[in-house]
Each structure stands twice: as C-alpha cells, then as structure tokens.
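A.B. asks: Here it is, the structure, as structure tokens.
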Amino acid sequence: MLYSLHEAAYQAVTPLRLAAQAARQFWSSPLNPAAGSKLGRTFYASADLLANLTRRYGRPAWGIDKVTIKGREVAVREDMVWATPWVRLRRFCREPLDLRHARAPLAAPPLLVVAPLSGHYATLLRGTVQTFLQDFDVYVTDWSNAREVPIIEGRFDFHDFIDHIADILRHIGERAHVVAVCQPGPPVLAAAALMAEDGDPHRPASISFLGSPIDTRLAPTVTNRLAEEKPFSWFQHAMIYTVPPPYLGMMRRVYPGFVQLFSFMSMNAERHQEAHRRYFDHLVTGDGDSAERHREFYDEYLSVLDLTEEFYLQTVDVVFQRYLLPKGELVHRGRPVRVEAITDIGIMSVEGENDDISGVGQTQAVHALLPKLPEPLHELYVQPKVGHYGVFNGRRFNDEIYPRIRDFVGRCESALPNHG
C-alpha cells in the first residue's frame, strides 16, 4: 500500500511540478528583462527548488569519458561486457593511443569494483572509478533496480549475490583485484573463500574492503542497533512492499529505495535542510558554481533503487542479526563457507574514523578471520577525519586512501606466480 501511495503522491503533484518548471524557464529566459533582478532571481530560485524537490530522479549516467594520467587526458570508453537480469558488468577501457602519449603502460591489472546494493545506483562510485582508472583496467558491477526486473526472472538473494561475484571473476578471466565498497564485503569474502577452497584459478589476487560490515557486533552504529533491537518479523512486515504498475517488476516484493532514502535523510535532516537553504541563496546571489555542485550531489543522492525482498531480508538476517560469516556459521548452497581457506589473497581493510554506518573495527575484523594468510598479505588502515562516504570518494580518498590501496595491490600483483 505504501508504494502505491508514494506513486499516487508523485502523480498528484505533477501539476505543481509542471507549473514550477514553467516558472523556472520564464524567470531564467534572457528575453525576460526582470530575470537578472534580485526579485527575478528569487522567483527563479523558488521555482527551481520546487521543481527539483518534486521531480523523479532516475538512473544517472556514468559520464566517464576521460581520465587524467600523468598530466595528460586519456579518453575512456564504457562497455557492457557481461550481464544478467540483476547486474550489468561495465568495463571502462582507456584509449591506447592516449596512454602512449601519456607514457603510461598499455596493460594494467584488472580491478573489479563491487558496488553496494543498498539503495543507490552504482554511479555513486563515479569518482571512485575515475580514480582507479589512473592505474587499473576497471570493471564495476552496475546493479539493477528490482522494480524494473519482471517477476518472471525469479528471485535474487544473498546467495545469488555470492554466485554473481564468482561468475564475474571467472568472466574477467584472470586473477583480478577486487574493491568491495561497504555492503558487498560479506558476500565478496564468502565468494573468495569458496573459490580459494576450490583452488579456482580465477580467485581474486587481492580484496580491499572499504567500510564493509564484516562483523557488525563491533563498534555498533545507529544502523546496527536498529537491526539488533527490532525482531526479524518487524523487517518483514514494516519494510517490504509490492511494486505497483506500470513498472516492469510489478507484483515483485521489494525494499523500496525511497524508504531507504527517507531513513538516511532523517538521520541528518537538519544538514539536508541547511544544504537546500544554501542552494536557494546561491541561486539568488548568482553563485552558479556552488549551485551546480549542490545539484550534482543531490542528483546522485536522490537517485535510488529497490532491493528484492529476499536479498534485503537475508542481508539483515545473515549480516546484522546472526553474524553468520564472522562466527563461521554461514552455509552457501548447502556448503559451509570456510573463510580460513584463504591463504594467498591479499586482504586490505579501510575504515573512516567518523564512519557512522560501519563503525571502526567492523571492517578490520576480517584480518582475525584469516589465520593462514601470511602477514605481508594483510593491510589495515583507518583514515582520520572522514565518514562513510569519504572512505571511497572525495579529496582524502584520492590523496590518502587511494595511494595506499594502489601500493598494496601492486605488492599483491608482484607476488603472483606468473607476474612479469
């Protein structure tokens, strides 16, 4: 019912949204002599803010067409190289001729960025991907919006996520390096453990876990406490809704992205309100650069996707309530997941000092689970003065975190038997 009410509310404000868009166009028109006045800019700012608050935010484009390497621009081409109904594997290919001009190596180690399936599109990692493109052949998982997947395509759950990671690594075709951003940490670790136990030649060469909830019993945050305090039945009855028409996935049971978005925004409501007030002021004063930065952030932040009922509920159960992976009790397709089987995969944990989603200690817990992994293949780092988002994006990620990941991956790459 909530999903249907949400759609009805969106349709109900359509006349208001169209009127705001028309007013925005009128007060920004160069043919309007009052457009440049303070009154005109105030009317424009009001209309723009209202139009943006009432519009729908769809899947953003990646928009990565170049990257700077050694001071030179290198063209980038985006290819979809593998897909299921639930994910598109995208590869960002750097132009060889531009690489020669930049005097950069033509060949680069393959690196898979596993984006979180937790409410936002993978494009939230646009800056992360651009940074890794300086030194790596980058692949990224672009997860589907469950409301757009027809119900005939069946289920997608926590164990399907594990299988997808293993299948993607086999598709890449060599020992790739993996970066697991937040939510994928546990299923990526499980996939790596299963592949390691099998001696799979396509098991990862290294995994860097960025703000991942490996063991949420440690340094619990508000999110963790909610999962612990509420019974599993509460999540079943309060967080799951049916997708209405006209979506392709109608009748599918999902955890809606707008519910997740409301939860996140309510945690920092005053900060978001202040950001929009500043945006209004920037429009009135003509500070276009600041206004554009605001739009870019919220165009991404307000673009959300739905998760399947089974994936969401299993994640709550496995990761946040029963802690099956760190307790050594996770079973995948009837097979115990033995994390200790990992003996030759480099493991790096990166945490943010001010992370209020995955508290300090939850990610680095992975190291204690790997008693057979040689010490040189462990790397633990806590970044001062950053929160959750800063662990994988922004200035400190680029300047302080990324160089450490790059160097660690380089050491793991050199340790491979066929290196060179």
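A.B. asks: Given the criteria among the basic types (K, R), outside any loop (DSSP other than H, G, I, E, B) and out of contact with any Phe, Trp or Tyr (no Cβ under 9 Å at 6 or more places or on another chain), does R278 qualify?
C.D. replies: Taking the combined requirement at face value, the residue satisfies it.
A.B. asks: Can you confirm whether E340 is in a helix (DSSP H, G or I), surrounded by fewer than 16 Cβ atoms within 10 Å (Cβ to Cβ) and modelled with pLDDT of 95 or more?
C.D. replies: Yes.
A.B. asks: So, one more: In this structure, does A192 turn out to be at pLDDT 95 or above and touching a Cys at 6+ places or on another chain (Cβ under 9 Å)?
C.D. replies: In short, no.
A.B. asks: Could you run through segment 123-158 and say how many residues are assigned to a helix (DSSP H, G or I) and either more than 16 Å from L210 (Cα to Cα) or basic (K, R) (or both)?
C.D. replies: 10
A.B. asks: Is it fair to say N224 is free of Cβ contacts under 8 Å to residues at least 60 places away in the same chain and not charged (D, E, K, R)?
C.D. replies: no
A.B. asks: Is it true that D317 is more than 17 Å from L210 (Cα to Cα), in contact (Cβ under 8 Å) with a residue 60 or more places away in the chain and either in a loop (DSSP other than H, G, I, E, B) or assigned by TED's automatic domain parsing to the domain that holds W86 (or both)?
C.D. replies: It is true that D317 is more than 17 Å from L210 (Cα to Cα), in contact (Cβ under 8 Å) with a residue 60 or more places away in the chain and either in a loop (DSSP other than H, G, I, E, B) or assigned by TED's automatic domain parsing to the domain that holds W86 (or both).
A.B. asks: Go through segment 60-80 and count every residue that is within 21 Å of V114 (Cβ to Cβ) and loosely packed, with under 14 Cβ neighbours inside 10 Å.
C.D. replies: Within segment 60-80, residues that are within 21 Å of V114 (Cβ to Cβ) and loosely packed, with under 14 Cβ neighbours inside 10 Å number 4.
Residue-by-condition table, conditions (1) aliphatic (A, V, I, L, M); (2) free of Cβ contacts under 8 Å to residues at least 40 places away in the same chain:
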position: E351; (1), (2): no, no
position: D355; (1), (2): no, no
position: G361; (1), (2): no, no
position: H367; (1), (2): no, yes
position: R395; (1), (2): no, yes
position: V409; (1), (2): yes, no
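A.B. asks: With S358, S349 as the choices, which residue is crowded, with 22+ Cβ neighbours inside 10 Å, more than 22 Å from D163 (Cβ to Cβ) and touching a Pro at 6+ places or on another chain (Cβ under 7 Å)?
C.D. replies: Of the residues listed, the single one that is crowded, with 22+ Cβ neighbours inside 10 Å, more than 22 Å from D163 (Cβ to Cβ) and touching a Pro at 6+ places or on another chain (Cβ under 7 Å) is S358.
A.B. asks: Being in the same structural domain as A115 (by TED's automatic domain parsing), touching a residue at least 24 places away in the same chain (Cβ under 8 Å) and of a type in the set (A, V, I, L, M, F, W, C): is that true of F209 here?
C.D. replies: When the stated conditions are applied, F209 passes them.
A.B. asks: Now, a different point. Please work out if L248 is surrounded by fewer than 18 Cβ atoms within 10 Å (Cβ to Cβ), touching a Pro at 6+ places or on another chain (Cβ under 6 Å) and either not hydrophobic (A, V, I, L, M, F, W, C) or not assigned by TED's automatic domain parsing to the domain that holds V149 (or both).
C.D. replies: Considered against the rule, which asks whether it is surrounded by fewer than 18 Cβ atoms within 10 Å (Cβ to Cβ), touching a Pro at 6+ places or on another chain (Cβ under 6 Å) and either not hydrophobic (A, V, I, L, M, F, W, C) or not assigned by TED's automatic domain parsing to the domain that holds V149 (or both), L248 comes out as yes.
A.B. asks: Right, something else. Do we have any residue at all in segment 365-385 that's surrounded by 17 or more Cβ atoms within 10 Å (Cβ to Cβ) and at positive phi?
C.D. replies: No, because not a single residue in segment 365-385 is surrounded by 17 or more Cβ atoms within 10 Å (Cβ to Cβ) and at positive phi.
The values are calculated or read from the model by the stated rules, or taken from the named source; none is laboratory data. Bear in mind the structure is a predicted one, so any value in this text is a computation, not a measurement. Methodologically, a virtual Cβ is constructed for each residue, glycine included, from the backbone with ideal geometry; neighbour enumeration extends over all protein chains shown.
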